[in-house]
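Please treat every number below as a calculation from the coordinates, not as lab data. Quick caveat: nothing in here was measured; it's all calculated off a predicted structure. All Cβ positions, glycine included, derive from the backbone under ideal geometry; neighbour counts span all protein chains shown.
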Amino acid sequence: MKIAILSRKPSLYSTRRLREAAEAANHDVRVIDYLRCYMNITASNPSNTSNPTIHHKGEKIEHFDAVIPRIGANKTFYGTAIVRQFETIGTYTINPSIAITRSRDKLRSQQLLAMKGLDMPITGFAHAPSDVDDLIDLVGGPPLVIKLIEGTQGVGVVLAETKKAAESVIQTLMGLNAHIIIQEFIKEAKGADIRCFVVGEKVVAAMKRQAEPGEFRANIHRGGNAEQIKLTKAERAIAVKAAKIMGLRMAGVDMLRSERGPLILEINSSPGLEGIEAATGVDIAAKIIRYIEDNAKPIGPRSRYQG
């Protein structure tokens with residue numbers, strides 16, 4: 001198979017591991033910087049003198065059997081446009097462009113999960129600063145968590161321990177025209193969360209991330225520690241269902257253990273491999289490549305981006 005990995009740098013751990021796994025399985029793999037791609041957007045039909053194409057650094061990209069998007073959170077708009085173009089020409093992508101877009105918008109993803117009955121921390125959203133006081137009460141009052149809608153890796157996440165602190169942070173961010181959500185703080189999680197790595201309809205690996213003392217964010221990028229964890233049947237089921245609701249075939253699903261059961265925090269469409277492979281010893285890159293081998297096929301018009 002010919003496989004393209006859309007990534008800014010071949011040296012990134014996840015990109016390198018995916019490339020190694022693909023090459024070990026005797027596939028022809030190429031890392032493509034999606035920010036250096038550009039495209040010819042046109043309909044593909046016999047009456048046209050040209051067809052939709054993608055170019056990279058002056059070279060027309062020829063046929064690939066599958067694409068693995070590794071789109072950075074701050075490059076979602078352009079990155080998903082390139083993924084859509086691959087879909088336009090009929091190339092299989094392990095994560096469709098619309099699924100990446102859904103997962104990157106925390107508010108949208110929370111609403112989609114709520115529609116399907118998946119539990120999560122109580123979440124509030126408002127536009128007017130005058131509604132902040134009531135919004136804080138709606139999520140159970142302080143302490144509470146304030147999140148930028150498009151943040152990732154713990155960036156743009158603040159714990160407000162008092163109502164006055166929460167009002168100050170929320171009003172400041174609103175004044176900067178930043179879109180935020182606020183969530184109840186799950187005390188019994190004690191600074192720990194669970195990352196489930198979903199490939200297809202299976203959780204292939206899971207780790208518990210524990211925040212450092214004095215820090216409530218358990219992200220490894222924020223200094224959190226990780227260890228392998230055994231999931232309950234309910235936790236596995238909710239992780240797979242969450243990824244499926246987003247339309248993701250490869251996802252990092254983050255959840256908390258609470259007194260009322262597992263609560264979904266967020267879903268990552270470009271989950272990193274380094275921390276979870278080290279914590280669990282699972283060769284996740286190889287599992288991703290095997291999934292592509294079993295499922296990649298040219299996509300027709302009905303399967304392409306629709307919204």
Student exercise, segment 188-291 dipole from Lys, Arg, Asp, Glu Cβ charges, in Debye to nearest 20: 420
Cα centroid of segment 219-292 to Cα centroid of segment 164-200, whole Å: 19
Equivalent-ellipsoid semi-axes of segment 2-102, from the Cα gyration tensor, Å, largest first: 23, 16, 12
Pairwise label distance in nanometres, residue 122 with residue 293, each label 7 Å out on the Cα-Cβ vector: 5.0
Once exposed loop GluC sites (Glu not before Pro) are cut out (DSSP; at most 15 other Cβ, 10 Å), longest piece of the chain: 63-160
Value of relative contact order over segment 2-102, rounded to a whole percent, pairs C-alpha under 8 Å and six or more apart: 27
Pair-distance profile P(r), taking every C-alpha pair of segment 128-188, with 5 angstrom steps and integer %: 4, 20, 33, 27, 13, 3, 0
Cα gyration tensor of the chain - equivalent ellipsoid semi-axes, whole Å, descending: 35, 23, 17
Expected 222 nm ellipticity per residue - DSSP helices of 4 or more, -39500 (n - 2.57), all of the chain, to 500: -9500 deg cm²/dmol
Length released on extending from residue 33 to residue 108, taking residue separation times 0.36 nm less the Cα-Cα span: 24.2 nm
In order through segment 273-282: 3J(HN,Hα) via Karplus (6.51 cos²θ - 1.76 cosθ + 1.60), integer Hz, x for Gly, Pro: 9, 4, x, 6, 5, 5, 6, 10, x, 8
Derived scalar couplings ³J(HN,Hα) [segment 242-257; Karplus, 6.51 cos²θ - 1.76 cosθ + 1.60; whole Hz; x for Gly, Pro]: 4, 4, 5, 4, 6, x, 8, 9, 9, 7, x, 9, 9, 9, 10, 8
For residue 31, residues with placed amide H under 5 Å, excluding near neighbours: 5
Relative contact order of segment 123-185, defined on C-alpha pairs under 8 angstrom at six or more residues apart (%): 46
Neighbour-limited loop hits for trypsin sites (Lys or Arg not before Pro), segment 39-121 (at most 16 other Cβ within 10 Å; DSSP other than H, G, I, E, B): 57, 116
Amide H contacts of residue 205 (H built 1.01 Å from N, under 5 Å, at least 5 apart or other chain): 197
Principal axis dimensions, segment 224-293 - Cα atoms, whole angstrom, descending: 38, 29, 20
Cα long-axis angle, helix 106-115 against the chain (0 to 90 degrees, to the nearest 10): 80
Segment 123-133 - phi-based ³J(HN,Hα) in whole Hz, Karplus 6.51/-1.76/1.60, Gly and Pro as x: 10, x, 8, 8, 10, 8, x, 5, 8, 4, 4
Other-chain or far-sequence residues with amide H under 5 Å of residue 273's (modelled H): 14
Square roots of 5 times each gyration tensor eigenvalue, C-alpha, segment 50-116, largest first, Å: 27, 13, 9
